Amino acid sequence: MFTPLPNVPDHPALELEVLERWEREQTFVRLREQNRGGTPWSFIDGPITANNAMGVHHAWGRTLKDVFQRYHALRGFDQRYQNGFDCQGLWVEVEVERSLGLNSKHEIEDYGLAEFAARCRERVAEYSKVLTDQSKRLGMWMDWDNSYFTFGDTNIEYNWRFLKECHSRGWLYKGHRSTEWCPRCGTSISQHELFAGEYKELEHPSLFVRFPLKGRNDEALVVWTTTPWTLPANVAAAVQPDAEYVLDDRGEWRARELAGEANVLASASGEELVGLEYEGPFDGLPAQDGVVHRVIAWDDVVLDEGTGIVHIAPGAGAEDFELSRVHDLPVLTPIDEAGCFVTGYGPFEGLRTDEAAELIVEALREREILVEAGTIAHRYPTCWRCGTPLVFRVVDDWFIACGEIRGQMLDANAAVEWTPAQYGKRMDDWLRNMGDWNISRKRYFGLPLPLYPCACGRLNVIGSRAELEERATGGLEQLQELHRPWIDEVPIRCESCNEEVRRVTEVGDAWLDAGIVPFSTLGWESPAWVEHGNATGAAAGLTGADLPDHAYWETWFPADWVSEMREQIRLWFYSISFMAVTLSGRLPYRSVLTYEKLLDEHGREMHRSWGNAIPVDEAFERMGADAMRWQFCEQNPSQNLRFGYGPASEVKRRLLTLWHSASFLIEYGNVEEFRPRWDDLAAPPASAELQPLDRWLLARTQRLVARCEEGYEESWTPKVAREVETFVDDLSNWYIRRSRSRFWSGDETALRTLWVALAQALRVMAPLLPFLSDHLWRNLVAEACEGAPDSVHLAGWPEVVDELVDDALLADMGEVRRVVALGHQARAQSGIKLRQPLRRLVVQGADGIAGHAREIGDELNVKDVEFGPVEATELRVKPNLPILGPKLGKELGPVRSALEAGEFEELEGGRLRVNGHELAPEEVLVERRGKEGWAVAGEDGLTVALDLALDPELELEGRARELIHRVNGMRKDAGLELTDRIVLTLPEAESDLLGHADRIKGETLAVRIETDDADAPSIARA
Ligand SMILES: [Zn+2]
Ligand SMILES: [Zn+2]
């Protein structure tokens, strides 16, 4: 006996039940055992940052990871299932600062670095647990006790090794550069982080300022700036040497293109202005002592906004800084790492850049050099962690040169299979344009850079803990882990001069931590297997992860497949590629699935402050994990996903078709005490008398299996979702509906066929819908047949049974369904209900399916179905003017008239002959209409015509069917069981219906029909 299903599933409740069962029965553990020793399929997890709870956007990526691991498990592949947590760097620091109420680097230092590190570790410990629980709830199967944590000492040591390798190749250098800087976080922002941040629409001042020219009475350059705070650091003004500049009657120089309606007194080329000296806007500041301001040439000066003259402050802008090298300009650095003016800037000293703006404008006004002050709204980069607008600073940072590796990475990327394919080109674009990797952050809880520059000029780079211990001059006893502050207390001896040197204070870019993972977690060049060898340093106690040996690395590197969101092209995909090509000469992955952004269901970004963010726990509770996973999987990953409760209800509504089909099998199977057989899934159902419709459903099932396999192999879940959905529709709306009478009469072959189709469908959809599929599997398969696996996830991937493949039959049935769909369309036009039988249907253009006439007739409730030319139509043809006009020219008029008059001949393949011209199908617009008394519908060469004439016989039968429908509604309302028999009583006035008594009895389970003088029929249990 199957267990009857409720009418509608309670997805969240059902999922919790399944989770509990998986736990109790150790389903995942058994799956891993089952596949141990199979061919390896290597997936490397990009770490999720353990600083917050999961967002629904994370659930998308985690679902995809789980789907493909589950699929490969069904195929018997051995897998690692190692989840990763990213644990250090700005992400974690900023959250901890927030929770502690710290708001600057000073406050962190006052709080104490050791304490701060402890709080960071606590946060990671807390949220790695939250993320683990939420991932389990999503249905993700991972080896949760052995997750990797990037802040472990082993991971740090592997990074040290990488950096030492970079140094040995001469790639590591300290750069004095202008960089985007977050004044709140007090650190530079690298190129890839800049892209990860947001450009926000911000309002800034817009100033036009006079720079009076020296020795040229009352003449001044006019510059335009949106960053007043950079003016005190001005040292030059740049002009476009080839452009023409004009002097107007107010004594102001501008580019002619931007001078407007000026009254021009003189003109000069930019070249002629170069070398002129001018009075700077803030010459009185001590910082400006001795600066000679002059006009320089710069080809990149644009002439589409501003004045064509650009104010240059090399200490406050990237391009400005580059120009200072070319033109040997002084570099004034006006702000400190908190974004405040340093000494030497008089009244502005100690003020933030935005605080100083007003004072600066005031000062310009007082000096009478302010031409115009307004505001401008423009898109401006902000910090990707804290949202603070970025500024430029000139600072010293550590870089890895990328010139030598660029070509190698590009070559390697050419061999990667990217899905969607266009993203491979995005990776190429990034690689072509990537600048040197800025790896240093002036922060606290991060990868300690193992760099010990010595006064003698030698840069010492430590490559391992052992090397550190060997070269340390002290401090080892307090080195509890390789983090700050402890690591800072371990000086070493310089390898050149033997002097004691200290580590730089910088920590590393967090993408180093995540990028080394294909080495540190897989045991690259590790001489022996070290149990819990990745549970070191800060990771101790949080995981049991081993450090494997090099043979293991050889087995699992590179990954067969990785998947992260598209943004990761310049983040994780970039960093793991860079590091892997450096260390091993190879990319760490063979194929990639990437995907776009998650938006709310109306297409807006989700923000907690906008009230449209959906907490993941709420989603689990209200929509359930399967409905979430289905939304993720049916989405084309190259487009943004609109996610929400509306789409989730829609998904659940569609999943109901599957549920009701299963329920149908359960009800009728129970009535017949049907016993399914496990062996029926691997071969044609034994000893069954298959009817054409059964053979069709079994062929349809083989196609489902084959197509879903293609979808999974192509990393294309939308294909799998679509295949499953159309299959379930075919199964429910064709097979079950067409076979109802067989189920009523207890036809075992129909039950067996339906069971096979459902069981196979559950197997192929299991990776997408792990809960619903396993819940139904338990009921329909595991508990119903001897020898069946107790979970669909242990059942393996179904084999296509070759004897059941029948493409011709599928094609025919596809055609039959098209005819039926058109027939329904024609019926809908006519307004005659389906229950009213009609005499005749003519089908043109599908002669190959004449053998299915009876099925078509049944479906459309038509007595006779004929195949042949439809004469019941009027064909109206008009010229398709955009195509035919140019082709025919003057001939168009006569052709049009001939078409209107119906003077044309129909040729093969939809061509027409008219007025001596032969027209192709796309050159005309064809419309077919039914003649009086017919309803006609057609598409793509297929036409059906329904004869609408009724006679008393047809009308009586129509009424009989109406009665059957009504009585079955009454049965349901009365709460009768499927098998309950009834006595039906009809009003005397309707006794003519007794002419159809047998049919009425058969379809309502009436044992007899009586009549009385009531107004309406009634029923009673027999
Ligand atoms: Zn910031
Ligand atoms: Zn030295």
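The values are calculated or read from the model by the stated rules, or taken from the named source; none is laboratory data. Treat the numbers as computed from the prediction; the structure is a model and nothing was measured. Neighbour counts are summed over all protein chains in view; Cβ atoms, including those assigned to glycine, are modelled from backbone coordinates with ideal geometry. These area figures cover heavy atoms from the full protein model, side chains too; ligands, DNA and RNA do not enter into them. Shrake-Rupley method; radii C 1.70, N 1.55, O 1.52, S 1.80 Å.
Please go through the stretch 704-720 and pick out each residue that is hydrophobic (A, V, I, L, M, F, W, C) and closer than 14 Å to LEU768 by Cβ.
Those that are hydrophobic (A, V, I, L, M, F, W, C) and closer than 14 Å to LEU768 by Cβ: LEU704, CYS708, TRP716, VAL720.
Out of the strands (runs of 3 or more DSSP E) lying entirely within the stretch 127-230, which hold 1 or more residues that are open to solvent by 10 Å² or more (accessible area, probe 1.4 Å) and under 30 Å from ASN460 (Cβ atoms)?
172-182
Sort out which residues of the stretch 602-619 are open to solvent by less than 10 Å² (accessible area, probe 1.4 Å) and of a type outside the set (Val, Ile, Thr), and write them in order of number.
Answer for the stretch 602-619, where residues must be open to solvent by less than 10 Å² (accessible area, probe 1.4 Å) and of a type outside the set (Val, Ile, Thr): just ALA619.
This table checks each residue for (1) open to solvent by less than 10 Å² (accessible area, probe 1.4 Å); (2) more than 15 Å from the chain's Cα centre (by Cα); (3) within 23 Å of GLU157 (Cβ to Cβ).
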residue	(1), (2), (3)
GLY541	no, yes, yes
ASP546	no, yes, yes
ASP549	no, yes, yes
PHE557	yes, yes, yes
MET565	no, no, no
GLN568	no, no, no
PHE573	yes, yes, no
THR594	yes, no, no
LYS597	no, no, no
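Please determine, by comparing only the residues of the stretch 378-409 that are open to solvent by 10 Å² or more (accessible area, probe 1.4 Å) and part of a loop (DSSP other than H, G, I, E, B), which one is farthest from ligand 2 (Cβ to nearest atom).
GLY387
What's the total number of residues in the stretch 299-336 that are part of a loop (DSSP other than H, G, I, E, B) and either over 43 Å from the mean Cα position of the chain (by Cα) or buried (at least 23 other Cβ atoms within 10 Å of the Cβ) (or both)?
Count: 9.
Answer with yes or no whether PHE643 is buried (at least 16 other Cβ atoms within 10 Å of the Cβ), touching a residue at least 60 places away in the same chain (Cβ under 8 Å) and among the aromatic types (Phe, Trp, Tyr).
yes
I'd like to verify a number: residues in the stretch 806-849 that are touching a Phe, Trp or Tyr at 6+ places or on another chain (Cβ under 6 Å) and closer than 18 Å to GLU871 by Cα, how many?
2
One line per residue, one yes/no per condition, for (1) part of a strand (DSSP E or B); (2) hydroxyl-bearing (Ser, Thr, Tyr); (3) within 28 Å of LEU332 (Cβ to Cβ):
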| site | (1), (2), (3) |
| --- | --- |
| PRO232 | no, no, yes |
| ASP242 | no, no, no |
| LEU247 | yes, no, no |
| TRP253 | yes, no, yes |
| GLU257 | no, no, no |
| GLU261 | no, no, no |
| SER267 | yes, yes, no |
| GLY275 | no, no, yes |
| GLY280 | no, no, yes |
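State which residue is surrounded by the fewest Cβ atoms within 10 Å (Cβ to Cβ) when the search covers only the stretch 512-534 and only residues that are assigned to a loop (DSSP other than H, G, I, E, B) and β-branched (Val, Ile, Thr).
Within the stretch 512-534, the match that is surrounded by the fewest Cβ atoms within 10 Å (Cβ to Cβ) is ILE516.
Which of the residues belonging to the stretch 474-498 are within 9 Å of ligand 2 (Cβ to nearest atom) and buried (at least 19 other Cβ atoms within 10 Å of the Cβ)?
Within the stretch 474-498, CYS494 is the sole residue that qualifies.
For the condition open to solvent by 10 Å² or more (accessible area, probe 1.4 Å) and either closer than 24 Å to GLU554 by Cα or out of contact with any Cys (no Cβ under 6 Å at 6 or more places or on another chain) (or both), what is the one hit in LEU64, LEU113?
LEU113
Looking at GLU605, GLU621, GLU601, which one is over 19 Å from the mean Cα position of the chain (by Cα) and more than 27 Å from GLU714 (Cβ to Cβ)?
The unique qualifying residue is GLU621.
Kindly list, by first and then second residue, each pair from a residue in the stretch 499-511 that is surrounded by fewer than 24 Cβ atoms within 10 Å (Cβ to Cβ) to a residue that is assigned to a helix (DSSP H, G or I), limited to pairs with Cβ atoms under 7 Å and residues at least 6 apart or on different chains.
ARG503/ILE487; ARG503/ASP488; THR505/ASP488
Among the listed residues ARG471, ARG465, identify the single one that is open to solvent by 20 Å² or more (accessible area, probe 1.4 Å), modelled with pLDDT of 95 or more, basic (Lys, Arg) and more than 16 Å from ligand 2 (Cβ to nearest atom).
Exactly one of ARG471, ARG465 is open to solvent by 20 Å² or more (accessible area, probe 1.4 Å), modelled with pLDDT of 95 or more, basic (Lys, Arg) and more than 16 Å from ligand 2 (Cβ to nearest atom), namely ARG465.
Tally up the residues in the stretch 923-962 that are assigned to a helix (DSSP H, G or I) and more than 52 Å from the chain's Cα centre (by Cα), please.
9
Considering only residues that are surrounded by fewer than 11 Cβ atoms within 10 Å (Cβ to Cβ) and at pLDDT 90 or above, look in the stretch 965-988 and name the one that is farthest from PRO4 (Cα to Cα).
It comes out as GLU988.
Can you give me the number of residues within the stretch 511-543 that are out of contact with any Ser or Thr (no Cβ under 9 Å at 6 or more places or on another chain) and farther than 16 Å from SER584 by Cα?
Qualifying residue count for the region: 7.
Considering only the stretch 916-937, state which residues are open to solvent by 40 Å² or more (accessible area, probe 1.4 Å) and either modelled with pLDDT of 85 or more or on the phi > 0 side of the Ramachandran plot (or both).
Correct list: GLY916, HIS917, GLU918, TRP934.
Within the stretch 157-184, count every residue that is of a type in the set (D, E, K, R) and within 13 Å of TRP437 (Cα to Cα).
Count: 2.
Which members of the stretch 734-786 meet the condition of being farther than 20 Å from ASN670 by Cα, of a type in the set (Gly, Ala, Ser) and not in a helix (DSSP H, G or I)?
Result: ALA766, single match.
If you scan the stretch 855-912, which residues turn out to be more than 30 Å from PRO837 (Cα to Cα) and either basic (Lys, Arg) or in contact (Cβ under 8 Å) with a residue 60 or more places away in the chain (or both)?
LYS878, LYS887, LYS890, ARG896, ARG911
Name the residue that is nearest to the chain's Cα centre (by Cα), counting only residues in the stretch 648-667 that are of a type in the set (Gly, Ala, Ser) and open to solvent by less than 30 Å² (accessible area, probe 1.4 Å).
Among those residues, the one meeting the criterion is ALA648.
Going by the structure shown, is THR701 outside any loop (DSSP other than H, G, I, E, B), β-branched (Val, Ile, Thr) and open to solvent by less than 10 Å² (accessible area, probe 1.4 Å)?
Criteria met by THR701.
With the checklist (1) outside any strand (DSSP E or B); (2) closer than 28 Å to TRP511 by Cα in hand, flag the one item THR343 doesn't pass.
Going through (1) outside any strand (DSSP E or B); (2) closer than 28 Å to TRP511 by Cα one by one, THR343 breaks only (2).
Considering only the stretch 733-748, state which residues are of a type in the set (S, T, N, Q) and open to solvent by 20 Å² or more (accessible area, probe 1.4 Å).
ASN733, SER741, SER745
For the stretch 899-942, enumerate the residues that are in contact with a helix residue (DSSP H, G or I) (Cβ under 9 Å, 6 or more places away or on another chain) and more than 21 Å from LYS887 (Cβ to Cβ).
GLY930, TRP934, ALA935, VAL936, ALA937, GLY938, GLU939, ASP940, GLY941, LEU942
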